[in-house]
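Data block below; observations after.
The values are calculated or read from the model by the stated rules, or taken from the named source; none is laboratory data. Owing to the predicted nature of the structure, the values given are computational and were not obtained by experimental measurement. When we count neighbours, we look across all protein chains shown, and the Cβ atoms used for this are built from the backbone with ideal geometry, even at glycine. SASA here: full protein model, heavy atoms, side chains in, ligands and nucleic acids out. Shrake-Rupley method; radii C 1.70, N 1.55, O 1.52, S 1.80 Å.
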Amino acid sequence: DVNVMSWNRLANCMLATGADDGSLRIWDLRNFGGGAGGSASGAMATNSNFVANFTFHRGPVTSVEWSRFDSAMLCTGSADHTVCVWDLAVERDAEEEAAAMAAADNAVAPDDLPPQLMFVHQGLKDPKEIHWHHQIPGMCVTTAADGFNAFKAYNVGNE
C-alpha cells in the first residue's frame, strides 16, 4: 500500500510515492493513459507506469518530499530509522567507480546500493515527517519519536 506521495513543484509531471514495503517509486504522469479518471475501477496506475523503483528502505516509507531547489532531488523518511536524500539525475559511472576503488582506503560499495542515493541519516527513532528548508538549499527538517531534527548533507545544495 502507498503511504505517502509528493508532487514535484519544479517538474509538475513527476510524482513520488512511498509504500509499506519500503519502496520509493517515481511516476511520470505524462505516461498515464485513459484520461483523468484512470480505469473504470478507479486504479490510476499499474507497475508498468513508474519510471523508477528504489527498494533501499527496509521498513515502510513514512514521508517523501521533492526538493524546492532541484527538480531531480527528493528526500524520504522510513520506519527503518533512516532519512535518505536522493538525486535522480545521477547515473552509475563504471569508470568513476573503478577509479574510486583503485584507492587503497575506499570500501567496496554493495552492488544493490543505488547511485542516486546521496545521503543516509541514521539513528532517528521512527521518523514521521521530513521537509526541505525553504531558504537553505539542502537542509532538511524531520520529526521523529526522539524529537525534532535538522541536518544538511555535506554533498547536497552546495552550488
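Here are a few things to note about the model shown:
- Top-ranked residue of segment 117-137 - restricted to ones that are β-branched (V, I, T) and either modelled with pLDDT of 90 or more or not in a loop (DSSP other than H, G, I, E, B) (or both), ranked as surrounded by the fewest Cβ atoms within 10 Å (Cβ to Cβ): V120
- Among the residues of segment 138-152, just one is of a type in the set (S, T, Y) and open to solvent by 30 Å² or more (accessible area, probe 1.4 Å), namely T143.
- In the set (1) surrounded by fewer than 16 Cβ atoms within 10 Å (Cβ to Cβ); (2) at pLDDT below 80; (3) not polar (S, T, N, Q), the condition left unmet by G157 is number (1).
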